[in-house]
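Each remark here refers to the structure printed beneath this line.
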Amino acid sequence: MKVRILVSFKDSVLDPQGQTVKNALHTLGYAAVKDVRQGKVFELELEGATKKEAETLVPEIARRVLANPIIEKFDWQIIKDR
Amino acid sequence: MKFGVVQFPGSNCDFDTFHVLRNVMKRETALLWHKDHDLQGVDCVVLPGGFSYGDYLRSGAIARFSPLMQEVKAFARAGGHVLGICNGFQILLELGLLPGAMIRNKNLKFLCQHVRIRIENEKTDFTRAGRKGQVLRIPIAHFDGNYYAPARVLKDIERHRQVVFRYCDAEGNITEEANVNGSLGNIAGIRNREGNVLGLMPHPERASEALLGSEDGRTIFASLILSLERRKPARRPVRRERARHD
Amino acid sequence: MIDKKTLDQHGLTEDEYGLIVGMIGREPNLTELGIFSVMWSEHCGYKSSRVHLKKLPTEGKHVVQGPGENAGILDIGDGQVIVFKIESHNHPSFIEPYQGAATGVGGILRDIFTMGARPIAVLDSLRFGPPDDPKNRSVMEGVVSGIAGYGNSIGVPTVGGEVYFNPCYDLNPLVNVFCLGLADKDKIFYAKAEGAGNKVLYVGAKTGRDGIHGATMASAEFGKETEHKRPNVQVGDPFKEKLLLEACLEVMDRGRIVGIQQMGAAGLTCSTTEMAAKGGMGIVVDLDKVPQREAGMTPYEILLSESQERMLIVASPEKVAAVQEVFAKWDLDAPVIGEVVEGGRARISFKGEVVVDIPVDAVVNLCPAYNRPSRAPAVLPNPADLPPLPLPGDYADVFLKLLASPTIADKEWVFRQYDHMVQVNTAFLPGADAALLRIKGSKKALAVSLDGNSLYTRLDPKTGARIAVAEACRNLVCVGARPVGVTNCLNFGNPEKPEVMWQFEQAVDGMAEACRAFGIPVTGGNVSFYNDTEGLSIHPTPVLGIVGILDDIRKAVRPGFKATGDAVVLLGENMEELGGSEYIRIVHNLEAGAPPAMDLEREKRLQEFLLEAMGAGLVRSAHDLAEGGLSVALAECAFHGARKTGCEVDLTDTFRPDALLFGETQSRIVVTCRPANLGRFLKMAAAGGVPAKSIGRTGGRDIAVRQQGRELFRVPVEKAYRAWKDALPNFFKVRT
């Protein structure tokens, strides 16, 4: 099974890279862009895990290792079932 | 007293810190390997600067899982002294021994330059050789040194006088311009509430020899020596002959 | 089976192919052809340059290793040696500035630690198009952050270098990286495979389809379906390299290996054949044992991959386990992939079949050398080429303009992105005349300077090259160090153009003359040809990297004014020379005339005298005159002083004021000394046959220059400082 985990800054934390991208987009004339948040994507290949097991495993990994809960939040999804 | 400098894969200020503690401060110093469980009886653990594990996930995020760090955690919880410099500070934050987190410098560039920091709390084991308000000239070298903590945590840190160093100008004023990396409250270094763990972004080991432009960093090492040697019968410093040759 | 088209794709001529067939006694297969193609390429084989490079002096009493190895080695006494080299990474840095520059740093670091030395400093010489063009800015930002990203992470300080701007680098930036290492003399290792039966170990990153020889990209062997999988840009992994560095130094320190070679250009091919050839042995390699990152790689791809962070090690069978133990400590695998054998052939197998069987000597040592036709350009510039130049109305204005010209302006924007202090040896921060590094446990210090003014070399390659050597030496002498050895990076256009070949020949001649005059050996370097884009060649750009030794670091001299009231002394003579100056380029929009003259004897006397005066403790500060001439040099002396003290000077020369202020006449140094020492200093200069004149005093808040009493300009130091300091950052300000 393949899962995708998205880690990004919490809304309350300043994201200087996102801000810079936003400014760059504005300079290029994309006035419609209201905000940009930059994050990281992890793709994990899990072996022999059921969907149910993944639901415990993935958030644990994300919370414990991939994201720093003080500044970051995460979201995840299964992108390939087997 | 005996210092221990931890070596993670990717540490790159390990030898620098070792050199200064042993050859400049003239104290027995051990290198501690991250895969070991043995703290070799040190009185103070120093987590040096560098790019542990390439800083690939987040600065300091992987190093905290190493076997030795479990010992360091227990050592700190039992009141042992731990000093984290730059990447070492980031590891202490990731480990939860100190509150807060680091994000990218506000100008999104790596910054290597001399900065000035002001001693905010001189009554710590890391600063007692200095004076309150004393300005130290010490270099920084980091990409992720922009200190962040949620408002509630920040308030807590301030209330318990945990901020030990703030970025300031040459006269000691805490200004926006002096805050090169954008840290909240100009924070350059904090301690834990118990006072035995300190993390700071500037590199005191790079400011410990006149030849390299500043000796202000010695204040921190000298404070530790003062604090820890007062507490226990002094060990004999290493023999000079050995100390002279690196 | 090998047709003309395949040969073209491999950059080999029919004559060369004939040689190959003769040497191996049959037609090569495609994999073997690939091997010859990279090993006989300009980059590895020095086909066009070898006959000329022979003219460079390479011997000296301190030389432990001259050209031919990964880097040169010089004995610095006390059982220690320095290992150093400069390399270009121009083309990769234009295609992908960040990774191109990063892997450039990675490659040169491996060259140094392969020899058993710990890299202690990196410097780089960078050339970009003018920063007012956003494309050039983005290349520059990428290159600078790539150097930072790699060097900072691995913990080798980037302590200095140079950055030049000229439109000729718009489509062909230059990224030349220099690295200096320090080793114990008895712990040097060479890229030699000795002893039949010894094992060949592969360490470091896995092999992928990175950077497979560009010329072969379109080869018929590869189907469309594999094309997309083949990234041509190599990606650097500084963390892996740091592990490799520590592990390699550890196995060498413990004496567990026989020989070692990094896999750079031409990867596994180059390292296996070179090691065997240098040891006078043969080698067998089983490609199935080579760690691979991608599935389905062909022998051709595995052998020619340029994946980064890989090394080849030869160790005796009984020590293999001990070597692997050290690598395991650093979380690295070190599988055995082959063996050293008698017989001088490289025999490489894949899936049980021999896919390569060739004599290593042919591959490594018998690459043909060409004496390519050269021709001087029809019109050579001379001083008279300069049209009559109107005198500027306001010298202060020109002065400020020059300080803000990107080439002259402060480079802190660049070097503060580099960790220049790690390893705690950096005694002088970047920006001084030369980088200065202390040697721990010793009074000695090492100084390094990179130099090369391509405007001069374009106008007169020979003189330009002589100046580059002289100036790099002068920079070292200004901090108090004695030059001991040279490495060079020769960046030129297409050598098949006779004019380019002429430039090359002239530049090498000039360099050879100057190195002989200063008595400093060239211990290695790198040639980068084909710096052409859209048919236009860059200015010929030889970059010199010169290393010096200072016996007592406490005697090091800085460029900045020390105190108020010191005597300002100009060593050397002012002359009316404007050709090739930054002044006529910026103000009169001209790259013309002849560059300033270079009298090597005069230069040598100047440098000898300065070292002598420093030894006698008479020199408070010293700074050499370069781009922007006297006025810019005085300003830099003021900026580098702790208190930004100004100066008042009066010059007696009678020629045109702009040449006096901004001309770039060589062999000049601004020195300050205590008034009490002035008499002795001037007398010593006279005895040494060096023109020296007290031209004024330090002090005040202004930089003021008079000519025979008439004030040419007076500018507050702070104003000049801002112009110089803010110029580069202003180009990069985020515009929102």
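Every number here is computed from the coordinates shown, using simple stated rules; none is lab data. Note that this is a predicted model, so its numbers are computed, not measured. Here the Cβ is made from the backbone with ideal geometry for all residues, glycine too, and neighbour counts use every protein chain on show.
Miscellaneous remarks
- Unit charges at the beta carbon, dipole of chain A: most positive-side option, A:Thr50, A:Leu14, A:Pro69: A:Leu14
- Couplings for the stretch C:371-379, taken from phi via the Karplus curve 6.51 cos²θ - 1.76 cosθ + 1.60 with θ = phi - 60°, read 9, 5, x, 10, 8, 5, x, 4, 10 Hz in order; Gly and Pro are left as x.
- Within the listed set B:Asp169, B:Asp36, B:Asp14, the residue fluctuating most in the Gaussian network model of chain B (springs between alpha-carbon atoms under 10 angstrom) is B:Asp36.
- Rule-of-thumb Rg ratio for the protein assembly as shown [Cα; 2.2 N^0.38 Å; N residues]: 0.95
- Alpha carbon centroid spacing (whole Å) that separates the stretch C:439-513 from the stretch B:20-87: 45
- Shape descriptor for the stretch C:434-526: Rg over Rh equals 1.05 (Cα atoms; Rh from the Kirkwood inverse mean 1/r).
- The shape of the stretch C:1-125 comes out prolate: with a ≥ b ≥ c from the C-alpha gyration tensor, a/c is at least 1.5 and a/b beats b/c.
- Considering only alpha-carbon pairs that sit under 8 angstrom and 6 or more positions apart, the relative contact order computed for chain C is 14 percent.
- Debye log10 I(q)/I(0) at q = 0.09, 0.11, 0.12 Å⁻¹ for chain B, Cα point scatterers: -0.33, -0.50, -0.61
- Comparing A:Ala54, A:Ala32, A:Ala24 in a Gaussian network model of chain A, where Cα atoms under 10 Å apart are tied by springs, the biggest mean-square fluctuation is seen for A:Ala32.
- Cα-centred dipole magnitude for chain C, charges only on beta-carbon of K, R (+1) and D, E (-1), debye, nearest 20: 2200
- In this structure, the amide hydrogen of C:Gly663, modeled 1.01 Å from its nitrogen in the peptide plane, lies closer than 5 angstrom to those of C:Leu630, counting only residues at least 5 positions away or on a different chain.
- Selection from C:Ala196, C:Tyr395, C:Val64, by position along the positive dipole direction of chain C (Cβ): C:Tyr395
- Taking amide H atoms as placed 1.01 Å from N in the peptide plane, the amide H of C:Cys647 lies under 5 Å from those of C:Gly699, C:Asp702, C:Ile703, C:Ala704, each 5 or more residues away in sequence or on another chain.
- GluC sites (Glu not before Pro) restricted to DSSP loop in the stretch C:299-347 with at most 13 other C-beta within 10 Å: C:Glu342
- Using alpha-carbon coordinates, inclination of helix C:675-687 to the longest axis of chain C, degrees: 70
- Prolate/oblate/rounded call for the stretch B:1-97, Cα gyration tensor, a/c under 1.5 rounded: oblate
- Computed across the stretch A:2-80, the Kirkwood radius stands at 14.1 Å (inverse of mean 1/r, all Cα pairs).
- DSSP-defined beta bridges in the protein assembly as shown - what % are antiparallel, rounded to 5: 75
- Estimated vicinal HN-Hα couplings, Hz - the stretch B:105-118 in sequence order (Karplus 6.51, -1.76, 1.60; Gly, Pro = x): 3, 4, 8, 6, 10, 5, 10, 10, 6, 6, 10, 10, 10, 9
- Theoretical ellipticity at 222 nm over chain B - DSSP helices of four or more residues, -39500 (n - 2.57) apiece, nearest 500: -6000 deg cm²/dmol
- Degrees separating the helix C:97-113 axis from the principal Cα axis of chain C, which is the longest one: 80
- Stokes-Einstein diffusion for the stretch C:416-574 at 4 °C, viscosity 1.567 mPa s, with a Kirkwood radius from C-alpha pairs, works out to 76 µm²/s.
- Net dipole in debye of the protein assembly as shown [+1 Lys, Arg Cβ; -1 Asp, Glu Cβ; about Cα centre; nearest 20]: 4240
- Taking amide H as placed 1.01 Å from N in the peptide plane, C:Val527 has its amide H under 5 Å from the amide H of C:Leu490, each at least 5 places away in sequence or on another chain.
- Computed over every Cα-Cα pair of chain C and binned at 10 Å starting from 0, the pair-distance distribution P(r) comes out as 3, 15, 25, 25, 17, 9, 5, 1, 0 percent.
- Dipole of the protein assembly as shown, positive direction: furthest Cα of C:Ile538, C:Val486, C:Leu606, with charges on the beta-carbon: C:Leu606
- Within the stretch B:2-231, antiparallel bridges make up roughly 60 percent of the DSSP beta bridges whose residues both belong there.
- Considering only alpha-carbon pairs that sit under 8 angstrom and 6 or more positions apart, the relative contact order computed for the stretch C:452-582 is 37 percent.
- Computed magnitude of the charge dipole of the stretch B:72-183 (debye, nearest 20; Cβ of K, R +1, Cβ of D, E -1): 240
- Rg and Dmax [Cα atoms of the stretch C:372-445; Å; Rg one decimal, Dmax integer]: 21.5, 58
- Helix-only [θ]222 nm of chain C, DSSP H runs n ≥ 4, -39500 (n - 2.57) each, per residue, nearest 500: -10500 deg cm²/dmol
- J(HN,Hα) series, the stretch C:397-409, from Karplus relation 6.51 cos²θ - 1.76 cosθ + 1.60, nearest Hz, glycine and proline x: 5, 5, 4, 5, 5, 5, 4, 8, 5, x, 5, 8, 4
- Relative to the compact-globule estimate of 2.2 N^0.38 Å, the Cα radius of gyration of the stretch C:657-736 comes out at 1.50.
- Computed over the stretch A:2-80, relative contact order equals 53 percent, with contacts defined as Cα pairs under 8 Å that lie 6+ residues apart.
- Peptide-level mean, for B:103-110, of C-beta atoms on other protein chains within 10 Å: 6
- Part-to-part distance (alpha-carbon centres) for the stretch C:74-99 and the stretch C:690-713, which is given in Å: 41
- Against the main long axis of the alpha-carbon atoms of chain C, helix C:267-279 sits at an angle near 90°.
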